[in-house]
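What follows is a short report on a single structure.
The values are calculated or read from the model by the stated rules, or taken from the named source; none is laboratory data. Keep in mind that this is a model prediction, so the values were computed, not measured. Cβ sites come from the backbone with ideal geometry, for glycine too, and all protein chains shown count toward neighbours.
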């Protein structure tokens, strides 16, 4: 394998060839068949002994997320988990903002009217709920939403602690691990 090296003190591998290319003399072509894993972007530098070395570019330095990035991520994670649904006795209930409102409205309406049951369309299909069942469902949605806000609050506290106890996106995710939506 042969590499076309761009000119400069640390020449960069510009292109690789299986067969030695015929190029004008101004181009530097080097036999790199003994260099395992060589790729475009690697660099060529003097080894100080009249030869050269070819090395992979350094790994990019990735800055850790900022406090504001982590706080925004925690809020987005809370919203995703909060609105992802909850399961109660094998019935999956949607917990998006409209569904939360509908559950609360159905519960309030049932209490005010004294109705014995209500029809409700859960994420898993139609169900008929008694007053006690609707109360359990409303309380399950309430508990799920409150647990999501509590997890975000705890994540924010960890992010803003001195020293921080939460400093990565994975650690934010871990704060919500027990609250994930039903599969």
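Details
- Some residue of segment 46-58 being on the phi > 0 side of the Ramachandran plot, out of contact with any strand residue (DSSP E or B) (no Cβ under 9 Å at 6 or more places or on another chain), free of Cβ contacts under 8 Å to residues at least 60 places away in the same chain and exposed (fewer than 14 other Cβ atoms within 10 Å of the Cβ): yes
- Among the residues of segment 99-120, the ones that are in contact with a helix residue (DSSP H, G or I) (Cβ under 9 Å, 6 or more places away or on another chain) and either surrounded by 12 or more Cβ atoms within 10 Å (Cβ to Cβ) or not assigned by TED's automatic domain parsing to the domain that holds residue 89 (or both) come to 12 in all.
- Screening the candidates 154, 131, 150 for the property of being surrounded by fewer than 17 Cβ atoms within 10 Å (Cβ to Cβ), touching a helix residue (DSSP H, G or I) at 6+ places or on another chain (Cβ under 7 Å) and modelled with pLDDT of 95 or more yields one hit, 154.
- Residue count for segment 103-135, restricted to those that are more than 39 Å from the chain's Cα centre (by Cα) and at positive phi: 1
- Number of the exception - residue 85 against (1) closer than 23 Å to residue 171 by Cα; (2) touching a strand residue (DSSP E or B) at 6+ places or on another chain (Cβ under 7 Å); (3) exposed (fewer than 14 other Cβ atoms within 10 Å of the Cβ): (3)
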